[in-house]
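Below is one structure, written out as structure tokens; the observations come after it.
Where a number appears in this text, it was derived from the coordinates with a stated rule and is not lab data. Please read all numbers here as calculations on a predicted model, not as lab measurements. All Cβ positions, glycine included, derive from the backbone under ideal geometry; neighbour counts span all protein chains shown.
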């Protein structure tokens, strides 16, 4: 297996929630503040896109609680046991989070976003503009438990 | 700014292309092989989804070539100068790649995928099942250069 990868956060999440709740993230607004080692023009043109993909670290998850095998999402007995890579739970190897958010505004080194499910202080590893061409190009299928879990998420 | 983040690849890409070409990734098939430190049931239930989001490292990009400000995508003079976080170029800080692929098959610790734009040997940091609910929930807008660039990508 490949060697360790060392990354340095490029930005931090400010505002929004102070604690990670399970649901109702859709209306949450927060600001992604780019590190000062980058010039402001690292964000030039991002306002031409409606959405941004945010790659972040669930840094408040205790690494000792990370799951590596199968479990029921949210411990719900109505849902099947699925592997950690078949669910998006945050207690996962490498603790990486990934969400496509609506861009509210880009101002200097700051990106205001809506619907980012990462709490205040979360380190951000990358920002990518959402291009429709990167969405699935064939029919999407997902199990019933996933649709049920997501029902109140936003 | 938050401290360094140390990650350990969870899997590696096998097969597919040996070198990174710009375009025509759509038909490329490759296999994501999970590291042996994980039990095979870490992938249990992934076959209930049609697509998987793959977070990987562009490890063949020389860190000295990484861009941090604005440049024309692919150096094309017809396109505007945009910041590194307003494009998906691989010579980017932290060298993280992110693509949603079609799942062809899941077998033990292996996931066969179609349309992964990562070459043979690429380290993988995370796999997440694609849920339609994580797609943009408001109208998508992107600039003309992005649509032109993506025209022959798949």
For residue A:64 paired with residue B:47, estimate the spin-label separation in nm (one decimal), with each label point 7 Å from Cα along the Cα-to-Cβ line. 3.7
Taking 7 Å along the Cα-to-C-beta vector as the label spot, tell me the residue B:36-residue A:76 distance in nanometres, rounded to one decimal. 3.7
Starting from a label point 7 Å past Cα on the Cβ side, list the distances from residue A:108 to the same position in the other copies, nm, shortest first. 5.6
Per the helix-only model, chain A has a calculated mean residue ellipticity at 222 nm (DSSP H runs of ≥4, -39500 (n - 2.57) each, divided over all residues, rounded to the nearest 500) of -1000 deg cm²/dmol
Rank A:52, A:124, A:66 by mean-square fluctuation in a GNM of chain A with C-alpha springs under 10 angstrom and give only the top-ranked residue. A:66
For residue A:20, inter-copy label distances in nm, listed shortest first [label point 7 Å out on the Cα-Cβ vector]: 3.0
Among B:142, B:81, B:110, which one shows the highest mean-square fluctuation when chain B is modelled as a Gaussian network with alpha-carbon springs under 10 Å? B:142
Placing each pseudo-label 7 Å from Cα in the direction of the beta carbon, residue B:20 and residue A:8 end up separated by a distance in nanometres of 2.0
Take chain A, connect every pair of alpha-carbon atoms lying under 10 Å apart with a spring to form a Gaussian network, then pick out the residue of A:143, A:129, A:39 with the largest mean-square fluctuation. A:143
Taking each residue of B:50-58 in turn, how many C-beta atoms of other protein chains fall within 10 Å of its C-beta, and what is the average? 3
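Based on the Cβ-Cβ distance of residue A:147 and residue B:107, what FRET efficiency does E = 1/(1 + (r/R0)^6) give at R0 = 41 Å, to the nearest 0.05? Write out the running numbers ahead of the final one.
Numbers: r = 26 Å, r/R0 = 0.62.
Computed FRET efficiency for residue A:147 and residue B:107 comes out at 0.95.
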Say a label goes 7 Å from Cα toward Cβ at residue B:69 in every copy; what distances in nm does this one have to the rest, shortest first? 5.3
